[in-house]
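Trainee: For reference, the structure I am asking about is given below.
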Amino acid sequence: MTKAIRIHAHGGPEVMRWEDVPTPDPGPGEALVRHAAVGLNYIDVYFRTGLYKTALPATLGMEAAGTVEAIGPGVTVVAVGDRVAYATAPIGAYSVARVIAADRLVKLPDNIDFRTAAAMMLQGITAQYLLRRTYKVQPGETILVHAAAGGVGLIMCQWAKHLGATVIGVVSTPAKAELARAHGADHVVVGYADLVAEVKRFTSGAMVPVVYDSVGKDTFMLGLDCLAPLGMMVSYGNASGPVGAVEVGLLGAKGSLFLTRPGLATYTAKRADLERGASDLFEVVGKGVVKIRVNQTFPLQDAAQAHEALEARRTTGSTILLP
């Protein structure tokens, strides 16, 4: 037997239970991973509340790092004893040990420890595809990053700065503004009331070619007004609620804008893309270009407390759960 956080109904953090579960045996193409650290991400909240559908009972979590304890038939990409990490569906990371498809695992370089890996895989590979693939940020461009003091936000600010971009970060408190500035944000806006005017001021009226928005409902329309003609709205999260229906004609009226709703699963569906994203991330973290801030840790059994802190916006940077 092993232990896991499971839910038997959708709802608030109180639906999460610390339970005994059978230790599974890996089947063909699978590996058994014993977790050393588990990542906390806002997508976990979406699965807990039922915004993202899953069969019940379910074990939450999409990201962890640990050691391969056993492999099933046909597995060649990892071996027993390998240090590995992952950030992928299906959910199930809130566990002491789990079975997962071996081709979703990446081997960790020696200079990346388990806690750092668990804190950065989902957020870091998300930042990689957003900055290098969804919209390829170029030197000299000015970009807008919402939730700039969050896990993805802090990575994006640092990485975009390394790429030669000017970063406008949006945060919810003055303390988070200082954190964003310390991680590469050139300009920081606290709250949304004056966002469009501030972006206009920072860009001398030119506005920005791309908006990275993980907040959703509360910021989407403001983001469109921050874009230059032919700009791209990258809506990749729903922290304030889903955006809802969008009138396509509005994109034309506001400057022939582009709109995309990217997801990690699509960008890492091919193993080559997963390896490329992880390799890029390991490189910038290994060089110290991007520093991963693990600012909160919780015992895995106290995952409900971690969810409460996350939803109350009391967390900054990355949060990990320790089995």
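The values are calculated or read from the model by the stated rules, or taken from the named source; none is laboratory data. Model, not experiment: these values are computed from the prediction. Positions of Cβ are generated from backbone atoms using ideal geometry, with glycine treated the same way; all protein chains shown enter the neighbour counts.
Trainee: What is the residue count in region 12-33 for residues that are assigned to a loop (DSSP other than H, G, I, E, B) and farther than 28 Å from Thr49 by Cβ?
Mentor: The total comes to 6.
Trainee: Could you give every pair whose Cβ atoms fall below 6 Å, whose first residue belongs to region 65-93 and is within 14 Å of His35 (Cβ to Cβ), and whose second residue is of a type in the set (Phe, Trp, Tyr) and buried (at least 17 other Cβ atoms within 10 Å of the Cβ), counting only separations of at least 6 or pairs across chains?
Mentor: What qualifies is Ala65/Phe114; Ile91/Phe47.
Trainee: I'd like to check something: does region 129-143 contain any residue that is aromatic (Phe, Trp, Tyr), in contact (Cβ under 8 Å) with a residue 12 or more places away in the chain and either within 20 Å of Thr268 (Cα to Cα) or not assigned by TED's automatic domain parsing to the domain that holds Arg314 (or both)?
Mentor: Within region 129-143, one or more residues are aromatic (Phe, Trp, Tyr), in contact (Cβ under 8 Å) with a residue 12 or more places away in the chain and either within 20 Å of Thr268 (Cα to Cα) or not assigned by TED's automatic domain parsing to the domain that holds Arg314 (or both).
Trainee: Against the condition surrounded by fewer than 20 Cβ atoms within 10 Å (Cβ to Cβ) and either part of a strand (DSSP E or B) or not hydrophobic (A, V, I, L, M, F, W, C) (or both), how does Gly244 come out, does it pass?
Mentor: Yes, satisfied.
Trainee: Out of everything in region 93-113 that is in a strand (DSSP E or B) and charged (D, E, K, R), what residue ends up being farthest from Ile71 (Cα to Cα)?
Mentor: Lys107
Trainee: Keeping to region 263-304, report how many residues are touching a residue at least 12 places away in the same chain (Cβ under 8 Å), hydrophobic (A, V, I, L, M, F, W, C) and within 24 Å of Ser235 (Cα to Cα).
Mentor: 7
Trainee: Turning to a different aspect of this structure: Any idea which of (1) closer than 16 Å to Gly29 by Cα; (2) among the aromatic types (Phe, Trp, Tyr); (3) part of a loop (DSSP other than H, G, I, E, B) is the one Tyr52 doesn't satisfy?
Mentor: Answer for Tyr52: the failing condition is (1).
Trainee: Can you name every residue in region 70-92 that is of a type in the set (A, V, I, L, M) and outside any strand (DSSP E or B)?
Mentor: Val75, Val77, Val78, Ala79, Val80, Ala89, Ile91
Trainee: In addition: For region 211-241, what are the residues that are assigned to a strand (DSSP E or B), more than 18 Å from the chain's Cα centre (by Cα) and either buried (at least 21 other Cβ atoms within 10 Å of the Cβ) or in the same structural domain as Tyr52 (by TED's automatic domain parsing) (or both)?
Mentor: Scanning region 211-241 gives Leu227, Gly231.
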